[in-house]
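For reference, the structure discussed in these notes is given below.
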Amino acid sequence: MHDLVLLTRPADGVALLTLNRPQALNALNQDLRDAICERLEALAADPSVRAAVLTGDDRAFVAGADLRAMAEATPESMAAGRGHLIWERLRGFEKPLIAAVRGYALGGGCELAMACDIIIAGEGALFGQPEIKVGVMPGAGGLARLIRRVGRPRTMLLVLAAETISGRQAADWGLVSETCPDVEVVPRALSLAATIAAFPAGAARAIKAAAEEGDGAMLAEALAAERRWFLSLIATPDQREGARAFLEKRAPRFNTQG
Ligand code: CO8
């Protein structure tokens, strides 16, 4: 499991987590979610870590929830499973966390980046919430957080029309903190993490807590509603068709009549 999320300590006070499931473009299956949670718990408990960077590789930050796993899921199995724990773990993570995004950040990948405090995006990064293409919708902030960051009209362009945007456009929209050439993404994120690690840890913790509390109550409600509607689409004929068509590399045949 440790191989799924590599941990290095490139600078004093700084941890670098690298998602390592390249054969599936870091799609979030349960093993990868568990490995992320495990790493976050270890970093939370380690007083020598004062800021962390989360990254993927050149091709993908994360290409979404794992559609292979979703092909067989039911609302009950998903609601009862551990799938949501990663989002709770991220919301409860008290140390500054920076997403360093290169390549695809789609669906759950865009949601994972938005669950971090700062997002550094490569110019070639690609952000989107294209769940509708596979018969579902975002379930972990792709509506609730995105609407707060870029506004509803732009959110709906990504969520309803499955449009994707580059890292540069994501910066213009305010979805990410800043953009830079792809090769500079991880160094820039690490440099910011080192800066933060040299500031008082108590102040950083208070800033995160205040940001969460300020936005928190209404966000929590919106996230719960989003997850409920997401689960309502699991195991429907269109969701099954969407996942199977993706895995079989063919165009889906959806019921477009309602
Ligand atoms: N799940 C599983 N496997 C994937 C995924 C995925 N999301 N994305 C890519 N892969 C796999 C492919 O199946 C392929 O494997 P193989 O070589 O065995 O066939 C490998 O990764 C490489 O992918 P491609 O060959 O497709 O690479 P391309 O460069 O041609 O295309 C894309 C890259 C455009 C990223 C394409 O792979 C794609 O469209 N992927 C799916 C993107 C997507 O729809 N993401 C949204 C998923 S749904 C979601 O995230 C819901 C989140 C809700 C969470 C709420 C929880 C409560």
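The values are calculated or read from the model by the stated rules, or taken from the named source; none is laboratory data. None of these values were measured; they are calculated from a predicted model. Positions of Cβ are backbone-derived with ideal geometry, glycine not excepted, and every protein chain shown enters the neighbour counts. These area figures cover heavy atoms from the full protein model, side chains too; ligands, DNA and RNA do not enter into them. Shrake-Rupley method; radii C 1.70, N 1.55, O 1.52, S 1.80 Å.
Only residues that are under 18 Å from Leu43 (Cα atoms), more than 13 Å from the ligand (Cβ to nearest atom) and crowded, with 19+ Cβ neighbours inside 10 Å were counted in the range 94-114, giving 6. Arg253 satisfies every condition listed in (1) farther than 30 Å from Pro47 by Cα; (2) part of a helix (DSSP H, G or I); (3) of a type in the set (Lys, Arg) except (2). If you check Arg168, Arg188 for being open to solvent by 60 Å² or more (accessible area, probe 1.4 Å) and in contact with a Cys (Cβ under 8 Å, 6 or more places away or on another chain), only one passes: Arg188. Condition check for Leu160 on (1) touching a Lys or Arg at 6+ places or on another chain (Cβ under 9 Å); (2) open to solvent by 10 Å² or more (accessible area, probe 1.4 Å); (3) away from the ligand (no atom under 14 Å from the Cβ): one failure, at (1). Restricted to the range 72-83, and to residues there that are open to solvent by 40 Å² or more (accessible area, probe 1.4 Å) and assigned to a loop (DSSP other than H, G, I, E, B), the residue that is farthest from Ile234 (Cα to Cα) is Arg82. When restricted to residues that are under 14 Å from Gly135 (Cβ atoms) and open to solvent by 10 Å² or more (accessible area, probe 1.4 Å), the range 61-71 contains 3. Apart from one condition, Glu88 fits all of (1) within 13 Å of the chain's Cα centre (by Cα); (2) more than 9 Å from the ligand (Cβ to nearest atom); (3) touching a residue at least 12 places away in the same chain (Cβ under 8 Å); (4) open to solvent by 50 Å² or more (accessible area, probe 1.4 Å); the exception is (3). Listed conditions (1) in contact with a Ser or Thr (Cβ under 8 Å, 6 or more places away or on another chain); (2) within 30 Å of Glu163 (Cβ to Cβ); (3) without any contact (Cβ under 8 Å) to a residue 60 or more places away in the chain are all met by Thr8, apart from (2). Within the option set Ala100, Ala71, Ala65, Ala27, being modelled with pLDDT under 95 and either within 16 Å of the chain's Cα centre (by Cα) or over 21 Å from Met114 (Cβ atoms) (or both) holds for one residue only, Ala71.
Taken over the range 32-59, residues that are under 16 Å from Ala197 (Cα atoms) and open to solvent by 40 Å² or more (accessible area, probe 1.4 Å) amount to 6. Find the residue count for the range 115-125, including only residues that are over 11 Å from the mean Cα position of the chain (by Cα) and crowded, with 23+ Cβ neighbours inside 10 Å. Total satisfying the criteria: 4.
The rows are residues; the columns are (1) over 18 Å from Arg91 (Cα atoms); (2) in contact with a Leu (Cβ under 8 Å, 6 or more places away or on another chain).
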| position | (1), (2) |
| --- | --- |
| Ser177 | yes, no |
| Arg188 | yes, no |
| Ile196 | yes, no |
| Ala204 | no, no |
| Glu213 | no, no |
| Ala222 | no, yes |
| Arg227 | no, no |
| Leu231 | yes, no |
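Taking the criterion of being touching a residue at least 24 places away in the same chain (Cβ under 8 Å) and over 17 Å from Leu112 (Cβ atoms), the residues of the range 47-57 that qualify are Ser48, Val49, Arg50, Ala51.
Taken over the range 194-225, the criterion of being open to solvent by less than 60 Å² (accessible area, probe 1.4 Å) and not hydrophobic (A, V, I, L, M, F, W, C) is satisfied by Gly202, Lys208, Gly216.
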